[in-house]
Amino acid sequence: MAPKAPKFEIKTPKGTRDWSGPDMVLREKIFKTITDVFKRHGGITIDTPVFELKEILAGKYGEDSKLIYDLADQGGELCSLRYDLTVPFARYLAMNKNVTQIKRYHIAKVYRRDQPAVKKGRMREFYQCDFDIAGVYDPMIPDAEIIRIINEVFEGLGWQGKYTIKLNSRKILDGLFQVCGVPDNLIRPISSAVDKLDKMPWADVRKEMVDEKGLAPEVADKIGTYVVLKGKRDLLEKLKQDEDLAANPSMQQGFADMDLLFTYLEAFKADHTVSFDLSLARGLDYYTGVIYEVVTEGSAPKVSASGEAKEKDAKKKGGKTGDAEEDRSDDPTLGIGSVAAGGRYDNLVGMFSGKTQVPCVGISFGIDRIFSITQATQKKNERRNEVDVFVMAFGGGKDFTGLLKERSKVCARLWDAGIKAEFLYKVKPKLQNQFKAAEAGGVPFALILGEDELAQGKAKLKEMGLPDDHPLKEGELISLDNLIEEVKARLVRKQELDNITEQAEGLKVVGGVKGEEVKAAAETAQSAE
């Protein structure tokens with residue numbers, strides 16, 4: 001007898017999802033793009049446990065500490081699932097005192113009991129890709145290289161012209177708050193409030209400062225005159241002319257750092273995407289210097305609803321405001337948020353090791369958010385695997401052998417050459433079923449073996465998905481003696497054409513007519529094959 005079906009609902013936990021098919025292909029492509037950049041800059045990878053001692057994570061995240069997943073006591077140790085990859089890295093450095101300089105990258109899952117919006121990449125279980133430079137170096141050189149890395153990653157993903165790196169400094173922000181009259185004990189809470197300006201209007205942020213955090217209204221208003229400012233080096237020069245700001249020691253350090261940073265960014269050719277933005281605060285407590293956040297079109301919410309509007313809407317729907325269990329994927333007041341963020345944290349290692357300080361600066365890329373935006377802005381991804389060639393047998397009738405041995409030998413040659421290939425596991429497959437299998441996997445090329453062609457030492461190589469009027473719609477005969485060279489040449493050519501098409505789609509969004517011109521050039525190039 002078959003087992004009885006379970007009485008509970010079979011589903012993934014809230015804020016999590018399964019990954020498969022085309023989504024996995026796209027996610028792996030994103031991973032590879034990011035990893036290639038990390039390695040290009042000398043990164044080496046490490047791995048740490050998925051859970052840490054609770055005391056290791058405690059007191060490192062400010063108000064966000066409430067989002068940490070705590071685990072039950074197991075064997076006399078209180079543990080929590082890691083909230084990010086930064087604090088575990090600092091713990092690793094504190095334990096390994098011989099490691100005083102390292103460029104480290106880490107790609108792994110982290111966990112936050114946040115309000116989920118799965119379709120927008122806001123998850124409770126999600127991947128982060130971190131790159132950090134630890135060690136004592138001359139000021140701002142590693143910081144500038146991190147910004148260069150951010151540019152290389154997003155340009156590698158085809159996001160040219162579609163993202164902005166918001167830049168600020170905790171030293172500047174702290175000095176600004178001091179000049180405005182914020183008490184020292186409120187500087188971090190007020191930073192957390194200012195950090196919400198990308199999600200909430202100033203009126204709501206001001207209300208939180210005054211009503212919830214106890215800040216004097218006139219101090220909040222003074223802060224409001226500064227946090228609306230943004231620019232590049234021009235803003236830095238403007239702030240230097242403010243006598244009150246220029247007299248503040250923290251602000252002076254921040255000015256010097258930012259001045260150096262802009263100089264190095266210009267040398268790295270990495271300043272074109274940067275916006276010096278005084279509203280950027282980054283809510284985490286461990287940042288000590290330069291901070292940055294990467295935003296794109298999908299980052300901001302479509303509707304900027306005030307707190308009162310959200311509460312009214314929730315009551316209308318019969319729900320309760322701020323229900324942490326509700327998936328807000330369809331909530332227009334919630335955007336995808338930043339797709340990468342980071343900064344300098346010079347004191348975090350010392351929180352574990354006492355006197356030993358290892359200055360650090362780093363960036364964390366949110367894979368699920370990057371995936372959501374990439375998927376929404378590209379053509380539907382039909383590839384379910386990374387196979388490049390599907391080897392087929394052509395023929396029929398009672399004398400048809402299926403050419404299984406021949407297909408196997410050809411696949412072995414392709415595998416030996418590092419070419420991804422597969423064939424249908426049937427002794428005598430129908431050609432129609434072979435094409436269906438190739439199409440289901442989104443395989444770009446079919447290599448069709450026929451008895452007559454094999455007798456001549458040839459086979460037909462066909463690119464899948466060509467339009468009916470394309471001259472190579474039915475494929476072309478190639479010599480099996482040159483099989484590897486022929487296949488590799490066509491794979492390279494197809495990749496080049498795909499890159500031109502992707503560029504055209506991006507320019508079409510950003511630059512209108514120019515994108516159509518590039519796309520037309522791609523179609524002309526393809527017709528000339």
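The values are calculated or read from the model by the stated rules, or taken from the named source; none is laboratory data. These numbers were taken from a predicted model, which means no experiment stands behind them. Positions of Cβ are generated from backbone atoms using ideal geometry, with glycine treated the same way; all protein chains shown enter the neighbour counts. Accessible surface is based on the protein model in full, side chains and every heavy atom, while ligands, DNA and RNA are left aside. Shrake-Rupley method; radii C 1.70, N 1.55, O 1.52, S 1.80 Å.
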Checklist line | Calculated from backbone phi, Karplus (6.51, -1.76, 1.60) coupling profile of segment 370-375 in Hz, x at Gly/Pro | finding: 4, 4, 4, 6, 4, 5
Notebook entry, point to check: What share of the DSSP beta bridges in the chain is antiparallel, in percent to the nearest 5?
Noted result: 80
Margin query: Along the Cα→Cβ direction, 7 angstrom out, place labels at ASP47 and ASN433. What is the inter-label distance in nm?
Written below: 3.9
Next item on the list: Positive end of the charge dipole of the chain (Lys, Arg +1 and Asp, Glu -1 on Cβ, about the Cα centre): tell me which of PHE365, ALA94, LEU461 has its Cα farthest that way.
Entry: LEU461
Check: Rounded to two decimals, what ratio of Rg to Rh does segment 68-191 give with C-alpha atoms and a Kirkwood Rh?
Finding: 1.01
Next item on the list: With runs of 4+ DSSP H residues as the only contributors, calculate the mean residue ellipticity of the chain at 222 nm using -39,500 (n - 2.57) per run, divided by the residue total and rounded to the nearest 500.
Entry: -12500 deg cm²/dmol
Next item on the list: Send over the Kirkwood Rh of the chain, from the inverse of the averaged 1/r over different Cα pairs, rounded to one decimal Å.
Entry: 26.6
Item checked: Extension gain, GLU476 back to ALA72 (0.36 nm per residue minus Cα-Cα distance, nm) -> 139.1 nm
Notebook entry, point to check: Given labels modelled 7 Å from the Cα in the Cβ direction, how far is it in nm from ALA58 to LYS426?
Noted result: 6.4
Checklist line | Rounded to 10°, Cα long-axis angle of helix 513-527 versus longest principal axis of the chain | finding: 20
Note to self: If each residue of separation counts as 0.36 nm, what is the full-extension length gain between LYS238 and PHE400 once their alpha-carbon separation is subtracted?
What the structure shows: 50.2 nm
Next item on the list: Note down the magnitude of the dipole of segment 92-175 about its Cα centre, charges +1 on Lys and Arg C-beta and -1 on Asp and Glu C-beta and zero elsewhere, to the nearest 20 debye.
Entry: 520
Note to self: Solvent-accessible area of MET24, probe 1.4 Å, all protein chains present, reported in Å² to the nearest ten, please.
What the structure shows: 50
Next item on the list: Taking chymotrypsin sites (Phe, Trp or Tyr not before Pro) as candidate sites, keep only those in a DSSP loop with at most 10 other Cβ atoms within 10 Å, then name the longest stretch of the chain containing none of them.
Entry: 9-424
Next item on the list: Would you please give the FRET efficiency between ASP469 and THR12, computed as 1/(1 + (r/R0)^6) with r the Cβ-Cβ distance and R0 = 35 Å, to the nearest 0.05?
Entry: 0.15
Notebook entry, point to check: When the dipole is taken about the Cα centre of the chain, and only Lys, Arg (+1) and Asp, Glu (-1) are charged at their Cβ, what size is it in debye, to the nearest 20?
Noted result: 1400
Item checked: Mean accessible surface per residue for the chain, computed with a 1.4 Å probe while every protein chain stays in place, in Å² -> 50
Check: Which trypsin sites (Lys or Arg not before Pro) from segment 439-490 combine a DSSP loop assignment with at most 13 other Cβ atoms within 10 Å?
Finding: LYS473
Note to self: Counting only other residues whose beta carbon sits under 10 Å from that of TYR105, what net charge do I get with K and R as +1, D and E as -1?
What the structure shows: +1
Item checked: THR225 paired with GLN252, simple spin-label distance in nm, labels 7 Å along Cα-to-beta-carbon -> 2.3
Margin query: Once neighbouring chains are kept in place and the probe is 1.4 Å, which whole percent of the accessible area of the chain is contributed by carbon and sulfur?
Written below: 52
Next item on the list: Filter the cross-link list LYS171/LYS238; LYS196/LYS269; LYS405/LYS458; LYS54/LYS120; LYS32/LYS109; LYS196/LYS240 down to pairs whose alpha-carbon distance in this structure exceeds 20 Å.
Entry: LYS196/LYS269; LYS54/LYS120; LYS196/LYS240
Checklist line | Full-extension gain in nm, LYS97 to GLU212, via 0.36 nm per residue minus C-alpha separation | finding: 37.2 nm
